[in-house]
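Just below is one structure, and these are the notes that go with it.
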Amino acid sequence: MPGTDFTATREMFHLPEGVIYLDGNSLGPMPKAAAARVQRTVTGEWAEMLIGGWTRAGWMEQPARLGDRIGRLVGAEPGHVAVGDTLSVKIHQALSAALALRPGRRVILSDEGNFPSDLYVAQALIDALGQGHELRVVPPGEVAAHVTREVAVTLLTDVDYRTGRRHDMAALTRAAHEMGALTVWDLAHSAGALPVDLAGAGADFAAGCTYKYLNGGPGAPAFVYVAPRLAASARPALAGWLGHAAPFAFEPDYRPAPGAAGMRVGTPPVLGMAALEAALDVWDRVDMAEVRARSIELSELFIAGVEAACPMLELVSPRDPDRRGSQVAFRFGDGHAAMQALIARGVVGDFRAPDIMRFGLAPLYLDEADIRRAIDVMAEVMERRLWDRPEYHARAAVT
Ligand SMILES: *Cc1c(COP(=O)(O)O)cnc(C)c1O
């Protein structure tokens with residue numbers, strides 16, 4: 001949809017007064033339509049239709065319908081994305097299905113920048129399978145060199161959650177396929193952040209969450225993609241009745257629905273999907289190439305301004321915008337306290353241990369004036385060491 005109106009999209013989000021929100025990469029802000037949409041599902045559908053809502057309100061088909069709307073944003077073929085569960089669960093399913101498709105191989109290849117949950121899922125799956133699989137974790141820049149014929153599957157997060165460093169999905173997928181391996185791509189920091197072309201890259205499996213850049217709300221359900229060519233053969237280790245080819249036949253034996261539909265497990269989270277639907281109404285209006293161009297403009301402005309005003313902060317994101325996602329990270333020894341001081345002044349980013357200050361740039365609701373104000377606040381906090389107060393050194397459970 002070329003001709004994205006960023007003034008209009010900004011109007012579609014609620015942001016608290018005085019807040020410059022640079023944390024949509026952790027939890028996207030609320031689309032204004034979400035409250036009424038959830039209310040309608042509760043009082044108009046649940047209250048009035050009761051169990052009839054599954055058919056009359058289309059709740060049962062919602063995972064596939066929303067999947068297709070997300071699929072457009074990540075370059076998936078229609079019919080091959082399903083929504084539900086959490087990203088960790090979807091990674092488990094995709095990884096287990098990939099391992100089952102490469103029975104003679106024992107290595108899961110990942111990188112040191114991967115999100116811990118993905119690595120924990122792999123470790124626990126290896127234990128559960130008990131077939132001697134090995135999780136091999138290498139530096140992000142060395143993944144291609146480590147794709148050998150021992151590798152069953154690469155398990156990679158496209159955009160590094162800390163540094164924003166981006167892999168070359170097409171090249172790494174090609175390298176994996178040349179060695180006979182499969183790929184699982186985690187799109188947590190890609191979906192809604194930059195154009196993704198799963199079909200064009202030849203990706204085998206992918207999964208992502210919808211509460212970060214996609215603004216689906218806290219705990220919004222995840223999505224999973226299975227390439228069409230694997231639809232008939234992919235079988236996850238975690239199965240449930242709604243992934244069955246005929247759930248209401250109540251057959252005792254599991255017979256998976258093909259592809260992403262077979263990755264459904266149990267009852268869809270209808271209330272959570274209602275909020276996600278309101279967010280996708282915004283995304284339906286935007287062109288990802290234009291979002292990407294705006295994201296780069298804003299990021300470049302932010303990096304230049306922060307580097308000029310705060311020489312004590314060290315850029316840890318790639319300087320080349322093509323190698324970055326839609327977030328920018330700086331290293332600072334007292335980064336946690338500095339971030340608390342910024343948040344207290346309305347500039348909301350987040351902190352990732354041990355010393356990373358992370359900022360997400362989301363063009364749907366941020367413009368140049370926001371970025372300039374954020375830079376001014378950062379300049380003041382850093383120059384005057386305003387972070388060095390006892391109240392900013394206490395740590396909360398969620399950073
Ligand atoms: C945010 C994130 C997750 C979170 O998984 P959930 O199951 O939704 O909590 C997983 N992987 C990556 C790379 C993430 O950034």
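Listed conditions (1) open to solvent by 20 Å² or more (accessible area, probe 1.4 Å); (2) of a type in the set (Ser, Thr, Tyr); (3) part of a strand (DSSP E or B) are all met by Thr154, apart from (1). Looking only at region 217-232, residues that are open to solvent by less than 20 Å² (accessible area, probe 1.4 Å) and within 11 Å of the ligand (Cβ to nearest atom) come to 4 in all. In region 70-102, the qualifying residues are those that are charged (D, E, K, R) and under 13 Å from Val184 (Cβ atoms), and the one that is surrounded by the most Cβ atoms within 10 Å (Cβ to Cβ) is Lys90. Only residues that are farther than 17 Å from Asp160 by Cβ and crowded, with 18+ Cβ neighbours inside 10 Å were counted in region 346-376, giving 11.
Screening region 172-256 for strands (runs of 3 or more DSSP E) wholly inside it with 1 or more residues that are over 17 Å from Val81 (Cα atoms) returns the ranges 182-186.
How many residues, within region 103-129, are open to solvent by 50 Å² or more (accessible area, probe 1.4 Å) and closer than 30 Å to Arg69 by Cα? Residues in region 103-129 being open to solvent by 50 Å² or more (accessible area, probe 1.4 Å) and closer than 30 Å to Arg69 by Cα: 2 in total. You will find that of Ala76, Ala57, Ala47, Ala98, the residue that is of a type in the set (Gly, Ala, Ser) and either outside the structural domain of Ser233 (by TED's automatic domain parsing) or within 22 Å of Pro195 (Cα to Cα) (or both) is Ala76 and no other. Restricting to region 199-208, and then to whatever is touching a residue at least 60 places away in the same chain (Cβ under 8 Å) and surrounded by fewer than 24 Cβ atoms within 10 Å (Cβ to Cβ), can you tell me which residue is nearest to the ligand (Cβ to nearest atom)? Taking the candidates together, the pick is Ala201. Only residues that are closer than 20 Å to Tyr213 by Cα and open to solvent by 10 Å² or more (accessible area, probe 1.4 Å) were counted across region 244-282, and they come to 6. When the test is whether a residue is modelled with pLDDT under 95 and more than 16 Å from the ligand (Cβ to nearest atom), Ala237 passes it.
With a requirement of 1 or more residues that are of a type in the set (S, T, N, Q) and more than 18 Å from Gly272 (Cβ to Cβ), the helices (runs of 4 or more DSSP H) lying completely within region 13-87 that satisfy it span 53-56. Note on region 89-120: residues that are out of contact with any Lys or Arg (no Cβ under 9 Å at 6 or more places or on another chain), within 16 Å of the ligand (Cβ to nearest atom) and under 17 Å from Arg235 (Cα atoms) total 7. Contact map, region 371-399: residues that are of a type in the set (S, T, N, Q) paired with residues that are assigned to a helix (DSSP H, G or I), Cβ distance under 9 Å, separation 6+ or inter-chain. Pairs shown: Thr399/His336; Thr399/Met339. All conditions but one from (1) without any contact (Cβ under 8 Å) to a residue 60 or more places away in the chain; (2) closer than 24 Å to Arg358 by Cβ; (3) buried (at least 24 other Cβ atoms within 10 Å of the Cβ) apply to Pro139; the one that does not is (3). Just one of the listed residues (Asp85, Asp23) is of a type in the set (D, E, K, R), within 16 Å of the ligand (Cβ to nearest atom) and assigned by TED's automatic domain parsing to the domain that holds Ala374, and it is Asp23.
The values are calculated or read from the model by the stated rules, or taken from the named source; none is laboratory data. If you're wondering where the values come from, they're calculated on a predicted model, not measured in any experiment. We place every Cβ from the backbone using ideal geometry, glycine too, and count neighbours over all the protein chains shown. Protein only, heavy atoms only, side chains kept; ligands, DNA and RNA dropped before computing areas. Shrake-Rupley method; radii C 1.70, N 1.55, O 1.52, S 1.80 Å.
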